[in-house]
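As structure tokens, the structure follows; a few thoughts come after it.
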Amino acid sequence: MKRIATVALGVAATFAIGMAILWGLLPYLNDRQAAGTLTLSALDAEVRVVRDSRATPYIYARSLEDALRAQGFVAGQDRLFQLEAAKRAATGRLAEVFGAGPDGVILELDREARVIGFRRLGERQAQILAPQSRTILQSYLEGLNAYIETRPDTHPLEFRLSGFEPEPWSEADLLAVMYYLGWQSAANFEAELIAHRLIQALGPDVFAEIAPLVVNPDWDEAVGSRSIEEASNRWSGSTAPLARWTALTASAAGAGGSNNWAMSGAKAGAEAAIVTNDPHLDSRILPGPWHPVALITPEVRLVGVSAGMPGIVIGRSEHIALGVTNAYADAVDLYVETIDPDDPSRYMEGDQSIAFETLTETIRIKDDSAESGMREEALTIRFTRRGPVITDHGHGDQGDAVLTLRWAAADYMGETLGIDALLRARDVDEALEAINQIRIVSLNFIVGDTSGRIGRRASGAAPLRLRGDGMAPFPVTDGVDTWAGPIPPGEMPGEVDPERGWTGSANHMTAPADFPYVYTSFASPDYRYRRMGELFSAPQVTADDAWAAQYDTVNVFARGVAPILAAALVGADDADLQDLGAQLAAWDHRDEADRIEPTLFQETIRQLARQTFEDEMGPELAAAYLSNWYVWQQRFDAMVQDGRSNWFDDVATPQVETLDDLIRRAGRAALDRLTAEYGANRNAWRWGAVHRMEFQGPLRQDGFAGALTGNRSVGVSGSGETLLRALYPFDAPFDPQWSASLRMTADLNDTDKVRAVLPGGVVGRTFHPNLADQTQDWASSDPQTYWWFSDEAIAANARSELRLTPQGQ
């Protein structure tokens, strides 16, 4: 027995040593050259790429063009698999390498990308680019393509495991990705689908009682004697039936979010401004969407992040700092077309019959059952003068309706992209002028400069509507255009040097009460923006204060509603409900990971919403309504605080229920579900135990393979309503999907560094040590993580240096 034990111990030790050696070698299986010398023939002069301990690349070049070439090269080194996936998503070529996917979902994504036409838009945009914008794109692509073509031995391991190789990029490819990203900020089709179904089931008058409520807290002073709700009614839109679109577009529209704020120098008690930004995206696939980089030349000094594009979109220069949130401008309209009764190949505009234009594209689909391993699908797309017909491709639930799609970014292309001007902007005014040139994506930019000035401006092309309000498909009855061009860029929502000393946005309605154009009817509830107003009402807000606000867990929604829940529950006959009410009554409305009250509140409010709407709508329609928080939450909040809505009566019973009755039902349902899901031990109900970010490595494996390739689980504070945001889908409690994809405070008074942290890391390669080395810092409230800015700070923190040389040097 002793001998057996000795042998077993030896085997275990050998296995452990072997695993340790393997674990130590794994990073070298998927690495790229970060030191030494490599040739990049497109360069005009030598470039240095210095990396710090986090692998952030600091690019030193003699010109901006060479810096962008090097940026493309290092983006390929660090993120090529991620970039290739984005290109294939934008150009409708995912199924070519990944197959049709479960239930054909990947193939459906390809169809949608082709119908909307991101690649077609990229080709059109490439034809009209001004020289300065073309130079920016070409420089970046020269570097990216050089890496793809000259360094195949260091391509990410993910390509070999997935069975395909990357392809060189064209200008049209890069622009297609820009349009693909811009589309995510322009569409609210999920809300339109929900409204359509509700109107059909309940009628327009009943729908009006529960229609989305958009609120700008700044209207409080602007509207004078009118109430906030009265002011918001002008944005409520039509109650006519609305159109269905796809799950891809819907999830993108409902998910995006962010916070940003800028403090003037005077507000900060300093000379220069301070800018903070934490964009809320789905960052569960490591290393996350943002790639940090510094570009340092005789003409610019920039550090920040890019999402596979040249330059930076969030970060700072020597003169300004930038941050962005999703603006949710309504940049898309749907139209109801009439088919010519005498010829189905034509459509009508009043009495005029016009032939559909058609385009047929071929989608290649990886299919192991096909003889060649690949099959093909022909996709024929019809077009009217407004845009592509969307109801030809999987949208038969609209009956005989023929719906077309029109997107302002496609109609109102500009010759410049705004990137070049933004990179060179020297103050707030120049930055805002550059933002005016950005038409593809709808973002709320905030800007601060070294003189202490601040500003905010919405970018993107939004239509100036002559007819219709964008809430419903517009019936085409003649050939008269419903749009009169884009809203003038200088008149888009924003402000410059506000008297209060700060500006910011949180995906809420930012248009002022007297805005003369239709802007949007789909926006975030106002809770996060209201909390900003509370925190920044202090006479002075320092850089540390601005950073700390990103971790604020006060739930303004709960602060208004939880006392109402508590009062009803404490008055119940059930001791368990009384205890639940007492806990909610004593709660400070902070969604902290070590507390049980956030779990109790979130589950009770979920159950109350279901109890309120399911009896009138039925479970399926209620689930659709509740699936998008931006559609129902602000309206439901107002209903609960008012307390008198007929919706609180259960129409399935003979008696008339009150809000208190439903709250008690909801409390019992909440306790039952939590017990069934997490057990009777209330310690397991703590918010951080049930509310966990589940990160996955680039290969998206589960189990042991997932643990080996980067998966990790992090319990998080915050919620969908707090500045420390971690939003979960209503039907998947409490799994957060959208949270801070970056946290950054750029203090322009600090010439050495920018405080910033990512949820993952810099390098998108499985097994790489910088894939997820920032995750724990991201989960901490006080990480000491930075992007370095001055030459001295970069040199002091350098860990490697790669020299890129032109051909022959």
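The values are calculated or read from the model by the stated rules, or taken from the named source; none is laboratory data. Computed from a predicted structure; not experimentally measured. FYI the Cβ positions are ideal-geometry reconstructions off the backbone, even for glycines, and counts take in every protein chain you see. For accessibility, only protein heavy atoms count, side chains too; no ligands or nucleic acids. Shrake-Rupley method; radii C 1.70, N 1.55, O 1.52, S 1.80 Å.
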- prompt: Taking only the alpha carbons of the stretch 608-648, what extent do you get along each of the three principal axes, in Å, biggest first?
  reply: 26, 21, 12
query: Near the amide H of residue 281, under 5 Å away, which other amide H atoms are found, from residues 5 or more places off or on another chain, if H is placed in the peptide plane?
result: 739, 741
field: Computed over the stretch 573-680, Cα set: Rg, Dmax in Å
entry: 14.2, 43
query: Roughly how many Å² of residue 41 are accessible to a 1.4 Å probe, to the nearest 10?
result: 70 Å²
statement: Stretched fully, the stretch from residue 684 through residue 39 gains (0.36 nm per residue minus C-alpha distance, one decimal, in nm) 226.6 nm
task: Measure off, as a whole percent, the carbon and sulfur share of the 1.4 Å-probe accessible area of the chain, all protein chains present.
output: 51 percent
message: Could you derive backbone 3J(HN,Hα) for the stretch 308-324 from the dihedral phi with the Karplus parameters 6.51, -1.76 and 1.60 (θ = phi - 60°), listing whole Hz in sequence and x where the residue is Gly or Pro?
response: x, 10, x, x, 10, 10, 10, x, 8, 10, 5, 10, 9, 10, 10, x, 9
field: Rounded accessible area per residue of the stretch 523-651, 1.4 Å, Å²
entry: 34 Å²
- request: Give the relative contact order (percent, whole number) for the stretch 652-797; include only Cα pairs under 8 Å separated by 6+ residues.
  value: 15 percent
query: What does a probe at residue 592 reach in the stretch 528-556, counting residues whose amide N is under 18 Å from the point 7 Å along Cα→Cβ?
result: 548-556
query: Using alpha carbon centroids, what distance separates the stretch 290-309 and the stretch 426-451, in Å?
result: 16 Å
statement: Charge tally for neighbours of residue 710 with beta carbon under 10 Å away, counting Lys, Arg as +1 and Asp, Glu as -1, is +3
- line: Interchain or sequence-distant (5+) residues whose placed amide H lies within less than 5 Å of the amide H of residue 711 are 697
query: Taking a probe of 1.4 angstrom, what is the accessible area of residue 366 in Å², to the nearest 10?
result: 80 Å²
- line: Applying the gyration tensor rule to the Cα atoms of the stretch 64-165 (axes a ≥ b ≥ c; rounded if a/c under 1.5, else prolate if a/b exceeds b/c, else oblate), the class is oblate
- request: Express in whole angstrom the spacing between the alpha-carbon centres of the stretch 316-383 and the stretch 202-219.
  value: 30 Å
- prompt: So how do 698-710, 597-609, 622-634 stack up, highest first, on mean other-Cβ count within 10 Å?
  reply: 597-609, 622-634, 698-710
statement: Yeah, the stretch 694-768 with a ≥ b ≥ c from its alpha-carbon gyration tensor (a/c under 1.5 is rounded, else prolate when a/b outruns b/c, oblate otherwise) is oblate
- request: Sort the stretch 290-436 into rounded, prolate or oblate with this rule: let a ≥ b ≥ c be the square roots of the eigenvalues of the Cα gyration tensor; rounded if a/c is under 1.5, and if a/c is not under 1.5, prolate when a/b is larger than b/c, oblate otherwise.
  value: oblate
- prompt: Averaged per residue, what accessible surface does the stretch 367-465 expose to a 1.4 Å probe, in Å²?
  reply: 38 Å²
query: Which value, in Å² rounded to 10, gives the accessible area of residue 801 with a 1.4 Å probe and all protein chains present?
result: 60 Å²
Relative contact order computed over the stretch 463-616 (Cα-Cα under 8 Å; 6+ residues apart), in percent: 14 percent
task: Please turn the phi angles of the stretch 52-69 into ³J(HN,Hα) values with the Karplus equation 6.51 cos²θ - 1.76 cosθ + 1.60 (θ = phi - 60°), one per residue in order, whole Hz, x for glycine and proline.
output: 9, 5, 8, 6, 5, x, 10, 9, 9, 9, 8, 8, 5, 4, 5, 4, 5, 4
field: Surface accessible to a 1.4 Å probe, per residue, for the residues of the stretch 40-110, Å²
entry: 27 Å²
Inter-part distance where the stretch 550-576 and the stretch 98-153 are each reduced to a Cα centre, Å: 49 Å
- request: Return the FRET efficiency for the residue pair residue 352, residue 400: r is the Cβ-Cβ distance, R0 is 25 Å, and the value is rounded to the nearest 0.05.
  value: 0.75
field: Test item: Cα-centred dipole of the stretch 287-425, Lys/Arg +1 and Asp/Glu -1 on Cβ, debye
entry: 960 debye
- prompt: Relative contact order of the chain: what whole-number percent is it, with Cα pairs under 8 angstrom and at least 6 residues apart?
  reply: 19 percent
- prompt: Separation between the residue 271 and residue 798 pseudo-spin-labels, each 7 Å from Cα along Cα→Cβ, expressed in nm?
  reply: 2.8 nm
Built amide H within the under 5 Å cut-off of residue 214, gap 5+: none
message: Just to check I understand the Karplus step: with θ = phi - 60° and J = 6.51 cos²θ - 1.76 cosθ + 1.60, what whole-Hz values come out for the stretch 599-605, glycine and proline as x?
response: 5, 4, 5, 4, 6, 5, 5
